[in-house]
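Step one of this worksheet: look at the structure below.
The values are calculated or read from the model by the stated rules, or taken from the named source; none is laboratory data. Bear in mind that the values here come from a model prediction, so they are computed numbers and not experimental data. Don't worry about glycine lacking a Cβ; one is built from the backbone with ideal geometry, like all the others, and counts go over all protein chains shown.
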Amino acid sequence: MKIIEVKDYNEMSLKAAEYIIEKVINNPKIKLGLATGGTPVGTYKNLIADHRKNGTSYQHVTTFNLDEYIGLSGDNKNSYRYFMNEQLFNHINIHDSKTFIPRGIVKDMQAECLYYDDLIEKHGGIDLQLLGIGQNGHIGFNEPGTSFRSNTHVVQLAPSTIQANARFFNNIEEVPTKAITMGIASILRSKEILLLVSGESKNDAMFKLLNGELTESFPASALKKHPYVTIIADKAAVAGL
Ligand code: GLP
C-alpha cells in the first residue's frame with residue numbers, strides 16, 4: 001500500500017481528483033468504482049470544476065457504486081443514487097445509462113446481488129475503485145465480521161454505522177438498518193484501489209489499517225491483500241502513527 005500524506009481535506013480532495021482525472025484521460029472508457037459518504041464530496045467537486053474548466057470528458061466512462069440503502073428509492077434524497085446524481089453525475093457529461101448503483105428497492109434482493117457482480121464482470125471489471133473507510137474499518141457497507149470472500153450482499157448495518165450516518169437524516173429513526181453492498185471479494189477484484197482518509201475520527205482506523213493484522217473483524221485490512229492500493233490521508237488521520 002502506498003501512502004500519500006497531505007495537509008488537510010481540501011488537499012486530499014484535490015490530489016484524489018487529479019489522480020482520477022489522469023486515469024480518465026489515459027483511458028476514456030475507464031470503469032470507475034465510486035463511493036459515497038462525506039469523504040469523496042470534495043473530490044467530486046474538483047472533478048466537476050475540472051470538467052467545466054478543462055473539459056475532461058466522461059462520455060465513455062462507466063461507474064459502479066459500492067452500496068445503497070435498502071428501502072430508499074433513487075428520488076429519496078438520502079439514497080446513494082440521489083447523492084451521486086447531486087454530487088457528481090448531474091454536473092458532468094456522463095450517460096445515465098452508464099452509472100450503476102445497486103438498487104435498494106427491488107423485490108428480490110438476492111437476485112439483485114448476483115446481478116450486480118455479474119454486471120461488473122460483464123463490463124470487464126472495475127479499473128479504479130474509490131473508497132472511504134468507516135470508523136470501525138468498514139469499506140462499502142462491509143461491517144466487521146464480513147467474510148473476505150463475500151460478493152455483493154445484503155447487510156444489517158452496525159449501530160455505530162447507523163449513528164455515524166444519522167447526520168444526513170432528520171433523525172436516527174429514519175436511517176435504514178439494512179443495505180446492499182459490494183462484498184470484500186467484489187472490491188478486491190478491482191484492478192486498482194484509491195482509499196481516501198480524512199480527519200481525526202479516522203485516526204484509529206488508520207492505525208489499525210497500517211499496524212494491525214489481516215482480520216475479518218477489521219474489514220479494511222483486506223486491502224493488504226491487494227497488489228495496487230494507494231491511500232491519500234490527511235495529517236489528522238495519520239497524526240501520531
Ligand atoms: C458509509 C459508506 C462508506 C463510507 C463510510 C464513511 O457507511 N457506506 O462507503 O466510506 O460511510 O463515511 P464518511 O466518508 O462520511 O466518513
Next item on the list: Identify, from the list G199, G212, G134, the residue that is over 20 Å from R103 (Cα atoms), away from the ligand (no atom under 15 Å from the Cβ) and of a type in the set (G, A, S).
Entry: G212
Margin query: I need a count of the residues in the range 209-224 that are in a loop (DSSP other than H, G, I, E, B) and closer than 19 Å to F141 by Cα.
Written below: 5
Next item on the list: Test A179 against the criterion of being of a type in the set (G, A, S), within 15 Å of the ligand (Cβ to nearest atom) and either assigned to a strand (DSSP E or B) or touching a Gly at 6+ places or on another chain (Cβ under 6 Å) (or both), and give yes or no.
Entry: yes
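Name the one entry in A220, A179 that is modelled with pLDDT of 95 or more, touching a strand residue (DSSP E or B) at 6+ places or on another chain (Cβ under 8 Å) and over 17 Å from L130 (Cα atoms). First the steps, then the outcome.
Numbers: A220 fails: over 17 Å from L130 (Cα atoms).
Checking each option against the conditions leaves just A179.
Based on what the data block shows, is S147 in a loop (DSSP other than H, G, I, E, B), in contact (Cβ under 8 Å) with a residue 40 or more places away in the chain, more than 18 Å from K191 (Cα to Cα) and away from the ligand (no atom under 14 Å from the Cβ)?
yes
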Checklist line | Hey, P227 within 14 Å of the ligand (Cβ to nearest atom), farther than 17 Å from V6 by Cα and in a loop (DSSP other than H, G, I, E, B) or not | finding: no
Next item on the list: Could you list all residues from the range 150-171 that are polar (S, T, N, Q), within 19 Å of G38 (Cβ to Cβ) and either part of a loop (DSSP other than H, G, I, E, B) or away from the ligand (no atom under 13 Å from the Cβ) (or both)?
Entry: N170, N171
Check: Limited to the range 182-196, what total is found for residues that are away from the ligand (no atom under 16 Å from the Cβ) and either more than 30 Å from N27 (Cα to Cα) or not in a loop (DSSP other than H, G, I, E, B) (or both)?
Finding: 2
Check: Going through the range 197-208 one residue at a time, which ones are surrounded by fewer than 20 Cβ atoms within 10 Å (Cβ to Cβ) and either in contact with a Ser or Thr (Cβ under 6 Å, 6 or more places away or on another chain) or in a loop (DSSP other than H, G, I, E, B) (or both)?
Finding: G199
